[in-house]
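A short write-up of the structure that comes next.
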Amino acid sequence: MRVSEETTTWTPERVAEPGRWLAEAHRVVALTGAGISAESGIPTFRGAGGLWKGRDPMSMATPQAFARDPEEVWEWYDWRRGLVLGCEPNPGHQALAELADLVPDFLLVTQNVDGLHQRAGSSQVVELHGNLFRLGCWACCGHEETRVDHPLDPRPPRCPCGALQRPGVVWFGEALPEDAFPRAHRAAAAADLFLVVGTSSVVYPAAGLADVALAAGARVVEVNPQPSRAGVARALAGPAGEVLPALLRAAQKFRESG
Ligand code: OAD
């Protein structure tokens, strides 16, 4: 369901109350998507600008694409690594890193594979879809490694077991990393407040986490220039790089005055 933008546009007044909820909450979960990295210069997946280097991400992010043409898919992921290494975390990432110090129990769950939350200082990050800088084994021997050099190799390198290495991300049709989703689900079910930031909420199971939180009685606050979730306590239409710092300031102000 689309929510009217007129009634949701963020203002300092509309942020004050969710700021208080944040300041009072014990358990907060933030779920982020590609939109939080948009202001760092990384394109989102859907909508305008959803073509990456002339390719549709949805046609490249599959095991079938890698099986068909490992070099093309590898080259595309290496291009993405280079793109991300040339970008910096933005005030939205930084505000979430600071929120972790404000809330007694805070968990950051991301669908992003760019590592910008960690570079902004977030230490506890559940990466539902893996990470661009991690390499895995295409033959599933279990070997994993992290490499931040770029360009990496023109072709997929070899795993110690002899098979090709693959990007350590979750492709369409694959299971999420073993511990990631159960941990996110448990936190969502126990949250007082659930922030949904910069995601179109169409890819499951991540998109269902806000529903888990809602069903368990949490307040859900959405931050997105085009809010789309039903049942939220507050939709704040605007860029995460503006809204999240304002939300953090509102929560800090409430704490200081209380
Ligand atoms: P999408 O590209 O589907 O959605 C990005 C969302 O960010 C949209 O709702 C935009 O309105 C919003 N947005 C744009 N600019 C923003 C800003 N400055 N601040 C806040 N929000 C902004 O990306 P995701 O929802 O993350 O999965 O996509 C989910 C998954 O689909 C990805 O993790 C990826 C993709 O296929 C895999 O690769 C498995």
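The values are calculated or read from the model by the stated rules, or taken from the named source; none is laboratory data. What you see is a predicted model, and the numbers here were worked out from it, not measured in a lab. Cβ atoms come from the backbone with ideal geometry, glycine included; neighbour counts cover every protein chain shown. Note: areas computed on protein heavy atoms with side chains; ligands, DNA, RNA excluded. Shrake-Rupley method; radii C 1.70, N 1.55, O 1.52, S 1.80 Å.
Data for the structure
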read-out: For the chain, built as a Gaussian network whose Cα springs stay under 10 Å, the top-fluctuating residue of 89, 245, 205; value: 205
read-out: Residue 126 long-range amide H proximity, modeled H, under 5 Å; value: 108, 109, 110
read-out: Partnerless cysteines, meaning none of the other Cys C-beta atoms lie under 4.7 Å away, in the chain; value: 87, 140
read-out: Which of 161, 232, 257, positive extreme of dipole for segment 137-258 (C-beta unit charges); value: 257
read-out: Under 5 Å, built H, 5+ apart or other chain: amide partners of residue 222; value: 196, 234, 235, 236
read-out: Label-to-label distance, nm, for residues given as residue 64 and residue 233 (7 Å Cα→Cβ offset); value: 4.3
read-out: Shape of segment 80-185, Cα gyration tensor, a/c cut at 1.5; value: oblate
read-out: Label-point separation in nm, residue 183 to residue 149, each point 7 Å along Cα→Cβ; value: 2.9
read-out: Estimated FRET transfer efficiency when R0 is 25 angstrom, pair residue 55-residue 88 (beta carbons, to 0.05); value: 0.55
read-out: For residue 137, distant residues with modelled amide H under 5 Å away; value: 142, 143, 166
read-out: Percentage of interatomic Cα-Cα distances in segment 35-125 larger than 15 Å; value: 64
read-out: Sum of -39500 (n - 2.57) over DSSP H runs of 4+, divided by residues of the chain (222 nm, nearest 500); value: -11000 deg cm²/dmol
read-out: Karplus (6.51, -1.76, 1.60) ³J(HN,Hα), θ = phi - 60°, over segment 218-228, in Hz, Gly and Pro reported as x; value: 6, 7, 10, 10, 9, 10, 5, x, 10, x, 9
read-out: Segment 151-160 - phi-based ³J(HN,Hα) in whole Hz, Karplus 6.51/-1.76/1.60, Gly and Pro as x; value: x, 7, 9, x, 10, x, x, 8, 6, x
read-out: GNM result for the chain, Cα springs below 10 Å: residue of 215, 235, 207 fluctuating most strongly; value: 215
read-out: Rounded percent of accessible protein surface that carbon and sulfur make up, the chain, 1.4 Å probe; value: 52
read-out: Cα Rg, Dmax, the chain, angstrom units; value: 18.7, 61
read-out: Average accessible area per residue (Å²) across the chain - probe 1.4 Å, nucleic acids and ligands excluded; value: 45
read-out: Rounded if a/c under 1.5, otherwise prolate or oblate - segment 173-258, Cα gyration tensor axes; value: prolate
read-out: Residues in segment 96-120 reached by a label modelled at residue 174 [backbone nitrogen below 16 Å; 7 Å Cα→Cβ]; value: 111-115
read-out: Cα gyration tensor, segment 1-152 - rounded (a/c under 1.5), prolate or oblate; value: prolate
